[in-house]
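A short write-up of the structure that comes next.
The values are calculated or read from the model by the stated rules, or taken from the named source; none is laboratory data. Please read these numbers as outputs of a predicted model, since none were measured by experiment. Virtual Cβ from ideal backbone geometry, glycine too; neighbours counted across all protein chains shown.
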Amino acid sequence: MTGALALPVRSGTDWSRWLRGSEDQPRWARPALIAVAAVAAVLYAWGIGAQTPHLYYSAAARSMSMSWHNFFFAAFDPAATISIDKLPGAIWVQALSVRIFGPHLWAYLLPQVIEGVLTVLVLYRAVRRLSGTYTALIAAVVAALAPATVALNRGNISDTLLILFLVLAADQAAAAIVSGRTRNLLYCGLCIGLAFQAKMVQAWLVAPAIMAAVLIAAPKTGLRQRITGLAWFGALALAVSVSWMTLVGLLPAAHRPYVDGSHHNSLFEQVFVYNAASRTNDGFGVGAANFTSGGNQTGFRAELVLGPDNRFDHLFGGGGGREAGWLIPLALVCLTALAWAARRRPRTDRDTAALLLWGGWLMIHLAVFLAIGTVNPYYLAVLTPAVAALIGMGANAFRESTDRRVRLLGIGAVAATVAYGWWLSAAAPSWVRTGIVVAAVVLIGAALRVRESLATALLLVAALAAPTAAAASVVVDGYGPLDTPYESTRARQVTQGYMASAITSARELYGQLAKQPVRPRYPLLTFTTALGSPFILVSGTQVPTIGGFTGESPAPSTNEVARMIESGEVGLALITPAQDDRLIWIRQHCRVLPGRGDGNAIQAYNCARR
């Protein structure tokens, strides 16, 4: 009787059960994942109150936060005369943050910190679906500590949201492979479409890897069902991708900002020509937005962008190597070894699916980044999820193997990774390079004498020593997404010095303009939105700009510029020496102010009517 009336015994509080996680994973897994996420949050958020955001995107976020009209149409300026030169998905999130918290510099950066931590958590789940808890936790650790990821998530660049949505897409693809449910493929297509809103065509690069993994390795569905599911996946991904572009394009042009990055006021031209086809051209540049910096008058783009002259540095040397190259060779070794081991396994094996998914993700991006002419280092952060997943799979295979050849291969691969990391750290302090080698030798030596599970942990620590030191340097030096670890003094002057001084100069100039006895409607006009960014960021007031981001946009026309100036609406004009009809008109009708400007080929003209 007593037994029949007894209440069920609860195995711990709700909090303790949440901390342990689901029954199908070890008790240590959830606490370990929480610890990894906490470390990631600290790395991404440390010092963001003093971090300078990307001026162009933060100015746009401030303008978009001022009204829902500006928000929807992705207006760069408060008066919504011109849009930003990219789709606004990621900037929408920043604008909402500014609308909630106010235009504090940290408010522009906070969304990326949250998105970066969420990416680590979602990656754990995505990898765990196909490869188990141990592999997933290693992948989360590698992703959280990757220098490219740490630098990216400390700024307000669109790639952070892109990567989060792509990892969510991979997670839903893995769920579809395991369960056979078509609805997971629909969710996957939705995530690809949302990733497109953040970074346009780049979001589609993972689609072939997802489709190959589902088509070849999904065990619970027939071929016809897989093809049908993938057709729905593709259709939904395409529909969500072009939805906002299509809707805005159908609205009257007079009621929306001019589309920057296009010559015909077209979002499709902006996305598929300016931000896609043109980027594959070796000669692609940013036009008049490439301001010169320093006494040598070198364009800042030359300091920040990996150009076509040395494609090896896109990924494996120079800035690209310091940003993301640390673990790419090790990931390729893992991919090759795992693919060789999987050659005799069933086609529907989950390891095969994981290799197709993460290996395809990695190889497609490597090919693209080596082929295109110019690469911004922060682009490379998209490699991190695939690199992390493959290293996790390789570490798990090493741990479970009793084959002596596998053990030798693993130790040799880690030793080569350490040597490569030492080479990439050439610009680091000597004690850092020495510490990397000494620690690696000790760890590898210890790994030779212990059982496989402990040896795996020791080898992982050795392999991660150099990239972890680089990630730590990013935080200690106060770097952001435009920086690379151990970068040159000239590059640091551009990424840190120029951005910070631009904000200071903008505040000072606006203070001086406010003291003028007569204030025109627009105290300031600039050539390019890039030059106008710091003034909009610090003031939140309208700054008319000429030519969009690169100076090549036809809006406003020469007649419109002349009308503003002749009617007395403009006080000061900041322009560059570019040969543009609108600038020629300003030089002919406004008075140059000697000594005014920032010394970087930017000249001030007084256009106020006497």
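A compact table of results
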quantity	calculated
Subset of the range 154-209 that is among the charged types (D, E, K, R) and not in a helix (DSSP H, G or I) - its residue that is modelled with the lowest pLDDT	ARG181
In the range 307-358, the residues that are touching a Pro at 6+ places or on another chain (Cβ under 7 Å) and among the hydroxyl-bearing types (Ser, Thr, Tyr)	THR348
Helices (runs of 4 or more DSSP H) contained entirely in the range 359-458, each with at least 1 residues that are free of Cβ contacts under 8 Å to residues at least 12 places away in the same chain	360-371, 404-424, 430-447
The range 575-593 - residue that is assigned to a loop (DSSP other than H, G, I, E, B) and not hydroxyl-bearing (Ser, Thr, Tyr) and, of those, farthest from VAL543 (Cα to Cα)	GLN579
Count - residues of the range 176-199 that are over 16 Å from ARG347 (Cβ atoms), surrounded by fewer than 22 Cβ atoms within 10 Å (Cβ to Cβ) and either in contact with a Phe, Trp or Tyr (Cβ under 8 Å, 6 or more places away or on another chain) or touching a residue at least 60 places away in the same chain (Cβ under 8 Å) (or both)	3
Long-range neighbours under 9 Å by Cβ, at least six apart or interchain, first residue outside the structural domain of LEU524 (by TED's automatic domain parsing) and closer than 14 Å to PRO544 by Cβ within the range 567-594, second surrounded by 17 or more Cβ atoms within 10 Å (Cβ to Cβ) and at pLDDT 95 or above	none
Helices (runs of 4 or more DSSP H) (entirely within the range 29-134) containing at least 3 residues that are closer than 26 Å to THR504 by Cβ	55-64, 89-101, 105-131
Matching residues, the range 476-510, being of a type in the set (A, V, I, L, M) and part of a loop (DSSP other than H, G, I, E, B)	LEU482
Qualifying residues in the range 99-128 (those that are more than 18 Å from the chain's Cα centre (by Cα) and surrounded by 22 or more Cβ atoms within 10 Å (Cβ to Cβ)) - the one farthest from PRO147 (Cα to Cα)	ARG128
ILE177 vs. criteria assigned by TED's automatic domain parsing to the domain that holds ARG224, in contact with a helix residue (DSSP H, G or I) (Cβ under 9 Å, 6 or more places away or on another chain) and under 30 Å from ASP477 (Cβ atoms)	no
Exclusive hit being buried (at least 20 other Cβ atoms within 10 Å of the Cβ), in a helix (DSSP H, G or I) and not hydroxyl-bearing (Ser, Thr, Tyr), set LEU531, LEU524, LEU572, LEU513	LEU531
Elements of type helices (runs of 4 or more DSSP H) contained in the range 219-329, each with 3 or more residues being at pLDDT below 95, under 21 Å from the mean Cα position of the chain (by Cα) and closer than 21 Å to THR495 by Cα	300-304, 312-315, 318-324
Pairs, first over 15 Å from GLY421 (Cα atoms) in the range 323-342, second of a type outside the set (Ser, Thr, Tyr) and outside any helix (DSSP H, G or I), C-beta under 7 Å, six or more apart	ALA342/ASP349
Filter result for THR81 (of a type in the set (Ser, Thr, Tyr), surrounded by fewer than 24 Cβ atoms within 10 Å (Cβ to Cβ), over 19 Å from ALA37 (Cα atoms) and assigned by TED's automatic domain parsing to the domain that holds LEU383)	yes
The listed residue being buried (at least 23 other Cβ atoms within 10 Å of the Cβ), within 20 Å of GLY317 (Cβ to Cβ) and aliphatic (A, V, I, L, M), out of ALA466, ALA426, ALA440, ALA419	ALA466
Residue selected from the range 415-445 under the condition closer than 18 Å to ARG404 by Cβ and hydrophobic (A, V, I, L, M, F, W, C), by the criterion modelled with the lowest pLDDT	ILE444
